[in-house]
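**Q** Here you go, one structure.
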Amino acid sequence: MSQARLRLWCRGVVQGVGFRPLVHRLAAELELVGEVENVAGAVRLELQGERRSLELLVRRLPEAVQSPGALEPLEPEWLPPRVPAPPGLRIAAAAGQPLGEGLVAPSLAADLAPCPVCLAELHDPANRRHRYPFISCSQCGPRYSIATAEPYARAHTSLAGFPLCAACQREFEDPTDRRFHAETIGCPACGPRLRWQGPGAPARGEAPDGPLDLDLDLALALLAAGGILALQGVGGFQLLVDAGNGAAVARLRQRKHRPAKPLALLVADLKAIATLVEVSEAERLQLQHPAAPIVLLRLRPGTPEAFPGVAPGSAALGVMLPASPLHQILAAGFGRPLVATSGNRSGEPLCRDPAEALERLAEIADGFLLHNRPIARRLDDSVLQVIEGRPVLLRRARGYAPTALALQAPPGTALALGGDLKSAPALAQGGRVWLAPVLGDLAGGLQQQLLQQGVDQLLARYGSQLDALVCDQHPGYGSHQLAVGAARRRGLPLLTVQHHRAHGLAVAAEHGLELPLLVWACDGLGYGDAPDGEPSSSGHRLWGGELLRLTAVGAERWACLRPFPLPGGERAMAEPRRAALGLLAAAGPEALAHPGVACCRSAFAEAEWQLLVQALATGCNSPLCSSTGRLFDAVASLLGLCQHSSFEGEAGLRLEGLALQAGSLSPVPMPLLAVEELELGWLDWWPLLQSLLDAGVAGVSPRQRAATFHASLAAGLAGAAAQAAARSGAGPVLLAGGCFQNRLLLESTSVALRAAGLEPYWSEQLPCNDGGLALGQLWAAWADRPITKERAEASPCAWPPPG
């Protein structure tokens, strides 16, 4: 028989997903010998035996890999056999390369919720892991959040300090056991333990050595009494409270300084909310996905409010199933829906370790359920909604990061820093792209520090290979300043990219679409282009409602929302009443004096109103913008829904929630006004505004006016895109930017575009908001390169992952 030696470098999602045990089983079945080793970024196979057996392994391996694993195409390397042959099969891991807290770890798999088999063991009184909060196997459990070094191995995780007991060691070494080389293996005898700190805590030392059920019972008792529980979760701390206890929810909001932003619900199973929300089959699949994201589910029409204060003004509830065995035990033990929100003060990063949580959450939480398995890196919960049967991520973190995006990139290496809101840098290398889990907004010093540390680590590792460092062109962004400083220190080429161009390119990159393309980029505010760095003749550089034609060399601005001023500049971003006043001032004296503006006018003291009207007349601190987000703010103010925002997008969320109560209504036309420098001109909101004001005076309900606004804006966007497509010959239209988180706007615009014969595309596997900006920045860096891209569903890391 012909003997040979095979070397394979297996790449994809191949570490922490049971890949080495799979190879071991196949190789043993084919009577092969050699080594299967985790190395940085890959699994190295060096196997020896009959040539036809090795060829059979190469054919069978891609078919045998199951979710959450994913294998890229193999390139076999054939070598002469070793003499003597290796004595057997060996599973190994290379020496560790420290990761730090980091941003991107290409070798690692995402953290996954407990698999069905582990859940069955968890609930089986006869199983030795019954009710063990850290049960896991090679198909589930923590990965990225506990990794301290690459490649993946127990010694390179925060479980390194937990030696296995004899029973676990036997399972770990037995090729026939389902926990064969499951690196997160453990049990009550040898694994991590809980520790309760709060009312009724038993006297004991720092080591959590008390009875397991006592800690859980004390936590459940606190929740039942209306207390706020700080839970050490998967990627950081969470705050839990009884969702049905309005006073407890209000207390959580008051202590956390989160007055109105929707809170997510944790449920043990979907029966707890079945009567409250509409759950499609696609949404059910996403809720049960191993990533365990928060899924936005629409409330059933006419359903009484079951959870006061959880999601005020929203038409949806964010719901998630347990992301860990500990969450499963708590949710099932409590028996009713729990609020589960990030363990931090508003605007700060998640607390990661117990000492940090006990200090930062001391004035919020009434008790702490801790454990002694350290968290290596912070991970917030992922959030998605289902649009036209497809999952659309709104926040990409736990369960998805650090898995590579399902697309192909050029073979260069580049690092993009994204924006300052929902900061999420991206690394491209070797034809693959990794998007960091969202860090949060860079307004806080801790977030800036985390970004700086993460970028420094990436530059230390990949800096010598970088073709470009990329950032937003806004000079005031912290991410821009960080990129400029890093480029100067390291002598790196720096590229700055216009904000809305990057939004559009991100959608094009995800779907593998060739330029030129049309994009409606609709968001809050972004720094716009201007000839020679000077303000354009249309008088503004704050964009946010732009119809662009994307090309390989840039973006041509064909249309935008009719500009209007923002009295007070940045203050208007948090005060919808100011956006409304600016809109009225731009419309003229007739609008300012209209009786339909009463809700907005009453939000000001009379002297303040007159002072701001005078400032608007002189242009004092009243920059012009074309922002869709500020248009939403203005209409929400005029309808009396929101005058001061406590979180980004609050006015838009309330406006959408109200519109969904009315159903679809006929749109008011939004004409295009010719402007010399734009191919099509300004999309004029004045006829719509006048109609909304007149309808208010006539007694038309706010919900009907909110629905009219959505229908009119969607029709206006689609109509302008149709005119642009007729002139440019372009077919696909990209819908990008944070305003398309609004499901009603996205679906309505999509329907209108298809009615006009155009095909809409939007972000799915990354957020449409600034959390996906970095991918578009990367594509701008490669604008002059030919790019061969795969469609997401054909990728070895396809979205959504099967399961």
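The values are calculated or read from the model by the stated rules, or taken from the named source; none is laboratory data. Just so we're clear, the structure is a prediction, and the values are computed from it rather than from any experiment. When we count neighbours, we look across all protein chains shown, and the Cβ atoms used for this are built from the backbone with ideal geometry, even at glycine. Surface areas here come from the heavy atoms of the whole protein model, side chains and all, with no ligands, DNA or RNA. Shrake-Rupley method; radii C 1.70, N 1.55, O 1.52, S 1.80 Å.
**Q** Over all Cα pairs of segment 168-282, how is the pair count split among 10 Å bins, expressed in % and running from 0 up to the last occupied bin?
**A** 11, 28, 29, 23, 9, 1
**Q** Averaging over every viewing direction, what projected area does the convex hull of the Cα atoms of segment 364-498 cover, in nm²?
**A** 11.1 nm²
**Q** Give the separation of the Cα centroids, segment 412-450 to segment 706-762, in Å.
**A** Result: 29 Å between the Cα centres.
**Q** Given the whole protein assembly as supplied and a 1.4 Å probe, what does the accessible area of PHE307 come to in Å², nearest 10?
**A** Roughly 30 Å² of PHE307 is accessible to a 1.4 Å probe.
**Q** In Å², and per residue, what accessible area does segment 2-113 have when probed at 1.4 Å with the other protein chains present?
**A** 43 Å²
**Q** Shifting gears a bit: Based on Cα positions only, what radius of gyration and what Dmax would you give for segment 17-89, in angstroms?
**A** 12.0, 37
**Q** In square angstrom, rounded to the nearest 10, how much accessible surface does TRP682 have for a 1.4 Å probe?
**A** Per-residue accessible area (TRP682): approximately 60 Å².
**Q** Computed from the mean reciprocal separation of all distinct C-alpha pairs, what Kirkwood hydrodynamic radius does segment 567-631 have, in Å?
**A** It is 11.8 Å.
**Q** How big is the Kirkwood radius of segment 591-692, worked out from every pair of different alpha carbons and given in Å to one decimal?
**A** With all distinct Cα pairs of segment 591-692 included, I get 15.7 Å.
**Q** Using alpha carbons only, what's the Rg to Rh ratio of segment 234-302 with Rh from Kirkwood?
**A** Dividing the radius of gyration by the Kirkwood radius yields 0.98.
**Q** Semi-axes of the equivalent ellipsoid of segment 649-695: what are they in whole Å, largest first, if each equals the square root of 5 times a C-alpha gyration tensor eigenvalue?
**A** 26, 14, 10
**Q** What is the distance in Å between the Cα centroid of segment 276-338 and that of segment 4-69?
**A** The distance from the Cα centre of segment 276-338 to that of segment 4-69 comes to 40 Å.
**Q** With only alpha-carbon atoms counted, please give the Rg and Dmax of segment 404-470, in Å.
**A** Over segment 404-470's Cα set, Rg and Dmax evaluate to 12.1, 35 Å.
**Q** Take every Cα pair under 8 Å in the chain that's 6+ residues apart, average their separations, divide by the length, and report that relative contact order as a whole percent.
**A** 12 percent
**Q** For the chain, what are Rg and Dmax over the alpha carbons, in angstrom?
**A** For the chain, the Cα radius of gyration and maximum Cα-Cα distance read 27.6, 96 Å.
**Q** Find the centroid of the Cα atoms in segment 142-178 and in segment 647-675, then give the distance between the two in whole Å.
**A** Each part's Cα centre sits 52 Å from the other's.
**Q** So what is the calculated 222 nm ellipticity per residue for the chain, using -39500 (n - 2.57) for each DSSP H run with n of 4 or more, over all residues, to the nearest 500 deg cm²/dmol?
**A** -9500 deg cm²/dmol
**Q** Which GluC sites (Glu not before Pro) does segment 342-415 hold that lie in a coil by DSSP with at most 15 other beta carbons within 10 Å?
**A** Of the GluC sites (Glu not before Pro), the ones in loops of segment 342-415 whose Cβ has at most 15 other Cβ atoms within 10 Å are GLU363, GLU388.
**Q** Ignoring solvent entirely, what values of log10 I(q)/I(0) come out of the Debye formula for segment 276-324 at 0.23 Å⁻¹ when each Cα is a single scatterer?
**A** Reported log10 I(q)/I(0), two decimals: -0.85.
**Q** Under the Kirkwood approximation for Rh and a Cα-based Rg, what ratio Rg/Rh is obtained for segment 437-527?
**A** 0.99
**Q** How long is segment 48-169 along each principal axis, judged by its Cα atoms, biggest number first, in Å?
**A** That works out to 51, 37, 29 Å along the principal axes.
**Q** Just to check, using Stokes-Einstein with a Kirkwood Rh over alpha carbon pairs, what's the diffusion coefficient of segment 698-739 at 10 °C and 1.306 mPa s in µm²/s?
**A** Result for D is 130 µm²/s.
**Q** Over the Cα atoms of segment 500-610, Rg to Rh with Kirkwood Rh, two decimal places?
**A** Result: Rg/Rh = 1.08.
**Q** Show me the helices of the chain, taken as full DSSP H stretches, that run 27 Å or more along their long axis by Cα and average -1.0 or above in Kyte-Doolittle hydropathy.
**A** Within the chain the helices that satisfy the rule are 702-728.
**Q** If you place +1 on the Cβ of every Lys and Arg, -1 on the Cβ of every Asp and Glu, and leave all else neutral, what size is the dipole of the chain about its Cα centre, to the nearest 20 Debye?
**A** Dipole of the chain, to the nearest 20 debye: 960 debye.
**Q** Which three semi-axes in whole Å describe the equivalent ellipsoid of segment 102-238, each the square root of 5 times a Cα gyration tensor eigenvalue, listed largest first?
**A** Over the Cα atoms of segment 102-238, the semi-axes work out to 27, 19, 15 Å.
**Q** Hull surface divided by four, with the convex hull built on the Cα atoms of segment 653-742: how many nm²?
**A** Average projection, Cα convex hull of segment 653-742: 6.7 nm².
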